[in-house]
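Okay, structure first, notes after.
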Amino acid sequence: MIRTLITSTALAATLCLPAYAQLQDNEPTLSLSESATVQMAPDFATVSSGVVSRAESAQGAVRANAEAMSEVFDALRRAGVDSDDMQTAQLSVSPVYADRRQPNQIERTIIGYEARNQVSAKVRDTDRVGQVIDAMVSAGANNINGVTFGAEDTDEAMNEARRDAIAGLLAKAELFADAAGFELCGIRNMGESGMGRQPVYEARMMSLDDSASTPVAAGTLTLTATVSADFCINQ
């Protein structure tokens with residue numbers, strides 16, 4: 001019943017007549033939303049890692065950091081990460097303070113400088129994520145921020161989630177109408193809400209083991225589509 005009504009409602013809506021719109025505003029409505037999820041395997045991982053260096057001077061900290069990061073970039077290339085898949089995510093130099101407490105005051109003294117350099121590396125073979133992490137750590141990386149997984153093309157999966165959400169929405173509307181004893185006369189409007197195109201990343205890093213590479217489980221990507229609609233009601 002609803003599919004036929006959708007067509008007639010959409011055709012009438014294209015007329016865009018003010019009188020019709022005003023008439024619709026006086027109609028009782030049923031507002032519902034429905035979500036659906038689909039899962040898919042990731043096809044790449046993003047590793048965020050870098051080097052934190054300290055020295056007595058800012059220049060010394062920057063120099064030490066640059067040397068260590070050069071080794072990290074070389075290690076990434078040797079591990080099979082393309083140069084185009086590496087991007088500097090953070091670069092900063094800041095003083096390091098020591099607090100000296102005196103009666104009624106705290107005196108802060110600069111005792112050195114800290115340089116941070118963070119790189120985001122895209123690993124296109126998810127089975128090699130652990131090896132890439134090990135290569136970076138062996139080269140001098142001492143700050144691992146995390147691992148996320150993603151997919152290049154999620155359009156087909158998202159469309160499947162949308163179809164499931166819409167089917168669930170229409171079934172829910174029929175259930176409400178049957179239980180409450182009214183008839184649906186069409187759909188006044190329908191839309192999609194939320195950040196459905198953003199996959200929910202699932203990543204797990206286990207404890208380090210000197211005898212093997214760092215184990216990382218890719219898991220699955222969960223994509224969610226949420227649709228909502230206002231149904232007009234005949235009482």
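The values are calculated or read from the model by the stated rules, or taken from the named source; none is laboratory data. Everything numeric here is computed off the predicted structure, so don't read it as measured data. In this analysis, Cβ positions are derived from the backbone assuming ideal geometry, glycine residues included, and neighbour counts consider all displayed protein chains. We work out accessible area using only protein heavy atoms, side chains counted, and drop any ligands, DNA or RNA first. Shrake-Rupley method; radii C 1.70, N 1.55, O 1.52, S 1.80 Å.
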Applied in sequence order to region 168-185, the curve 6.51 cos²θ - 1.76 cosθ + 1.60 (Karplus, θ = phi - 60°) yields integer Hz couplings, x standing for Gly and Pro, of x, 5, 5, 5, 5, 4, 4, 5, 4, 4, 5, 6, 8, x, 10, 10, 8, 10
Pull out the extension gain between D74 and K122, defined as 0.36 nm times the separation in residues minus the alpha carbon to alpha carbon distance; nm, one decimal. 15.8 nm
Applying a 10 Å radius around every beta-carbon, put 147-158, 117-128, 96-107 in order of their mean neighbour count, most first. 117-128, 147-158, 96-107
Search the structure for amide H atoms under 5 Å from the amide H of T214, placed 1.01 Å from N in the peptide plane, and list their residues when 5 or more places away or on another chain. D134
Distance between modelled label sites at S83 and Q105, nm, 7 Å Cα→Cβ extension: 5.4 nm
5 Å binning of all Cα-Cα separations within region 22-99, expressed as whole percents from 0 upward: 3, 9, 15, 12, 10, 8, 7, 5, 5, 5, 5, 5, 4, 5, 2, 0
In terms of solvent-accessible area of protein heavy atoms at a 1.4 angstrom probe, what is the ranking of M136, M190, M40, highest value first? M190, M40, M136
One checks the Cα atoms of region 58-133 and finds Rg and Dmax, in Å, of 18.1, 59
Quick P(r) readout (region 19-167; Cα-Cα; 5 Å bins; whole %) gives 2, 8, 13, 12, 10, 9, 8, 7, 6, 6, 5, 5, 4, 3, 1, 0
